[in-house]
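Remarks on the structure that follows.
The values are calculated or read from the model by the stated rules, or taken from the named source; none is laboratory data. Since the model is a prediction, treat every value here as computed from it, not as a measurement. Note that we place each Cβ from the backbone using ideal geometry, even for glycine, and neighbour counts take in every protein chain shown.
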């Protein structure tokens, strides 16, 4: 018996005994009426579903291919990069932004500001200590200068009331260095050229230049009498100011009026 065609236009196209196996498909044609699908048979619905899956698979492959093509260069750029560490760094960057740090130089500024704020109290304390130490040293040097000059001044017969005057005269001529009084850099001896000026030599000269500051007894190198050794004898304790400047006259006006000090001038003045 010849094989049956799956679809015929009319029943007469097949032998009469085979017509019983056909049924109308509703469109005017006849199809073999089967109780099951033959081996390898695929229905139109299954074929359509399979074709749909093939299309979906193809579209997915195209999408994935594009994604891979886009990510491959990024993968090369990120080679060796710790993604977790990078994420943590981004979190820290955001925290820094909240604190106003957006550029590398902002970090240096923030550090400098913090250091200055921390160091400022210490700097102020050091400055205060330094200033106090300097002031204390100045007072100590002034005390050393005064006591040293006073000792020589007293030996030269200096009048106690004139000590401040003599101390002021010594300023700039002598300095205190290492706790000792010594001649300033530009002060040299006349008696011993090349050597520093000594306090004794300076005081001896002062008894002549400012004899009013020394006692009339002439002790200690003072010369209370006018040049040439003559002149009237003054009362005990009376001071003599020789060849005074207008400023000196003003300073000692009260003592002159009270008779405690007498003004004398050299003959050539």
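Below, the figures for the structure above:
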{"read-out": "Selection within the stretch 123-170 - part of a helix (DSSP H, G or I), touching a strand residue (DSSP E or B) at 6+ places or on another chain (Cβ under 7 Å) and in contact (Cβ under 8 Å) with a residue 40 or more places away in the chain", "value": "148, 166"}
{"read-out": "Residue 81 farther than 16 Å from residue 206 by Cβ, touching a strand residue (DSSP E or B) at 6+ places or on another chain (Cβ under 9 Å) and not in a helix (DSSP H, G or I)", "value": "no"}
{"read-out": "The stretch 178-209: number of residues that are in a loop (DSSP other than H, G, I, E, B), touching a helix residue (DSSP H, G or I) at 6+ places or on another chain (Cβ under 9 Å) and over 30 Å from residue 264 (Cα atoms)", "value": "2"}
{"read-out": "Residue 59 within 52 Å of the chain's Cα centre (by Cα), more than 30 Å from residue 22 (Cα to Cα), assigned to a helix (DSSP H, G or I) and modelled with pLDDT of 85 or more", "value": "no"}
{"read-out": "Restricting the stretch 76-100 to residues that are surrounded by 10 or more Cβ atoms within 10 Å (Cβ to Cβ) and over 30 Å from residue 113 (Cα atoms), the residue that is farthest from the chain's Cα centre (by Cα)", "value": "78"}
